[in-house]
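Notes to accompany the following structure.
The values are calculated or read from the model by the stated rules, or taken from the named source; none is laboratory data. Small disclaimer: the values here were computed from a predicted structure and weren't measured. For neighbour counting, all protein chains shown are included, and Cβ atoms are generated from backbone atoms with ideal geometry for every residue, glycine included. The area values use the complete protein model at the heavy-atom level, side chains included, leaving out ligands, DNA and RNA. Shrake-Rupley method; radii C 1.70, N 1.55, O 1.52, S 1.80 Å.
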Amino acid sequence: VEIVFSKVKWYISGTGFYLPPRVVSNEEMSKYMDTTDKWIQERTGIKERRYVDPGVGPSDLAIPATEQALNAAGLTVKDIDFIIFATSTPDYYAPGSGCLLQNKMGFGEIGAVDVRVQCSGFLYGLSIAEQYIRTGMFKHILLIGAEVQSTAMNLTTEGRDTAIIFGDGAGAAIISKTDENRGIMSTHLHTDGRYVKELWLESPSSKSGHPRITGKDLHEGKQYLQMNGKEVFRHAVTRFPEVIWEALDANNLKKDDIHLLIPHQANLRITQTIQKKMGLENNQVISNIHKYGNTTAGTIPIALGEAVEEGKVSKGNILVFASFGSGFSWASAVVKW
Ligand code: UT7
């Protein structure tokens with residue numbers, strides 16, 4: 001039997017995003033740790049980030065983002081065939097946040113899967129959606145990127161290099177089948193597990209014995225996200241341009257064809273270095289890190305949702321997404337809007 005891969009096209013039919021209302025300024029951070037607004041802005045470009053109140057998880061942040069995306073697509077929960085929930089900070093160890101969202105929003109008894117690829121989670125999710133739509137299995141997929149990072153931050157001077165960067169937030173996109181000549185052109189995925197410990201969260205751990213987290217672990221701060229910022233930075237500024245060129249080459253595109261590059265928002269200096277290395281103009285590159293910090297799997301769908309809301313994206317535009325983060329894992333995607 002000959003297997004013919006379908007030529008089904010798929011596109012982003014709706015976007016949405018949501019940030020928790022509590023704004024945490026650099027000034028406020030300087031009350032918890034030895035840091036300054038000047039240092040944070042100069043080294044990262046961040047002015048403020050958002051933190052949830054206790055009791056709010058990524059599945060809660062995902063609700064308003066999803067409602068907005070469904071509205072934009074002209075769909076309801078009944079139309080969605082599958083949920084992909086990208087998060088590195090799930091509400092619970094088990095079950096996944098996608099399962100929680102299914103219940104909270106009254107989706108049908110559809111499948112829901114969590115994707116844990118940290119900063120690249122949204123793009124990995126996009127590539128998974130791609131496969132389901134291409135095979136004809138599903139027509140509309142809800143893809144979320146949502147994080148509550150604030151509760152994994154060590155808000156003392158010891159944790160200052162990491163704590164000033166991360167924030168909470170959620171973005172959503174609906175991925176739909178289309179007959180038009182538009183949509184997602186390709187996705188590109190990579191990992192290199194040699195660098196696991198350069199950016200990781202060690203505890204609780206299923207392999208650490210009973211219980212999964214001990215008083216000693218807590219005392220050593222293993223419940224906090226640990227980052228070797230310099231090493232991550234060094235790899236990021238190489239991998240980003242590499243994976244963006246890979247995506248352009250795969251589609252016979254040139255850098256001038258990019259209407260908007262939406263890179264994962266990790267540090268303004270990383271984004272500026274990518275722009276410089278690739279020779280892109282200011283208006284080709286999206287940056288919103290000053291408002292939200294790094295929301296891990298949330299950054300790309302939040303930035304995309306904002307760009308759409310601000311009217312920066314028109315039908316036919318070429319958009320490129322790119323990410324790099326914990327793993328190390330990195331990815332890119334090209335979209336004809
Ligand atoms: O989501 C994807 C993964 N994340 C990233 O891509 C992040 C990549 N890394 C970074 O963004 C940067 O490495 C950081 C922003 C985390 C750190 O910036 P840096 O320019 O690499 O600073 P550094 O770690 O080299 O530290 C320089 C100095 C140090 O002091 P000494 O040793 O020179 O005396 C740090 O102790 O700055 C100090 N420092 C701070 N000072 C004030 C570190 N954090 C802070 C702080 N406030 N928050």
- Query: hydrophobic (A, V, I, L, M, F, W, C), open to solvent by 10 Å² or more (accessible area, probe 1.4 Å) and in a helix (DSSP H, G or I), is that true of Ile133?
  - Reply: no
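Yes/no matrix, rows are residues, columns are (1) without any contact (Cβ under 8 Å) to a residue 24 or more places away in the chain; (2) open to solvent by less than 10 Å² (accessible area, probe 1.4 Å):
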{"residue": "Gln284", "(1), (2)": "no, no"}
{"residue": "Thr295", "(1), (2)": "no, yes"}
{"residue": "Glu310", "(1), (2)": "yes, no"}
{"residue": "Ala322", "(1), (2)": "no, yes"}
- Kindly indicate which of Gly229, Gly279 is of a type in the set (Gly, Ala, Ser) and either free of Cβ contacts under 8 Å to residues at least 40 places away in the same chain or more than 10 Å from the ligand (Cβ to nearest atom) (or both). Gly279
- Message: When the residues of segment 143-173 are narrowed to those that are within 20 Å of Ile262 (Cα to Cα) and not small (Gly, Ala, Ser), which ends up farthest from the chain's Cα centre (by Cα)?
- Response: Ile165
- Query: Does Ile110 count as touching a strand residue (DSSP E or B) at 6+ places or on another chain (Cβ under 6 Å), surrounded by fewer than 18 Cβ atoms within 10 Å (Cβ to Cβ) and at pLDDT 95 or above?
  - Reply: yes
- Query: Taking the stated definitions as given, is Ala303 modelled with pLDDT of 95 or more, open to solvent by less than 20 Å² (accessible area, probe 1.4 Å), touching a Leu at 6+ places or on another chain (Cβ under 6 Å) and farther than 19 Å from Val232 by Cα?
  - Reply: no
- May I ask you to list the residues in segment 242-260 that are within 16 Å of the ligand (Cβ to nearest atom) and over 19 Å from Tyr195 (Cα atoms)? Ile244
- Task: Counting only residues that are charged (D, E, K, R), give me the helices (runs of 4 or more DSSP H) lying completely in segment 230-321 with at least 3 of them.
- Result: 268-278
- His210 fails exactly one of (1) under 24 Å from Ser120 (Cβ atoms); (2) in a loop (DSSP other than H, G, I, E, B), namely (1)
- Return a yes/no flag: does segment 317-327 have any residue that is modelled with pLDDT of 95 or more, in contact with a Lys or Arg (Cβ under 7 Å, 6 or more places away or on another chain) and either of a type outside the set (A, V, I, L, M, F, W, C) or within 16 Å of the ligand (Cβ to nearest atom) (or both). yes
- Message: Cβ-Cβ distance below 7 Å, separation of 6 or more or different chains: which pairs start in segment 208-224 with a residue that is touching a residue at least 24 places away in the same chain (Cβ under 8 Å) and end on one that is surrounded by 13 or more Cβ atoms within 10 Å (Cβ to Cβ) and among the small types (Gly, Ala, Ser)?
- Response: Gln223/Ser203; Tyr224/Ala152; Tyr224/Gly159
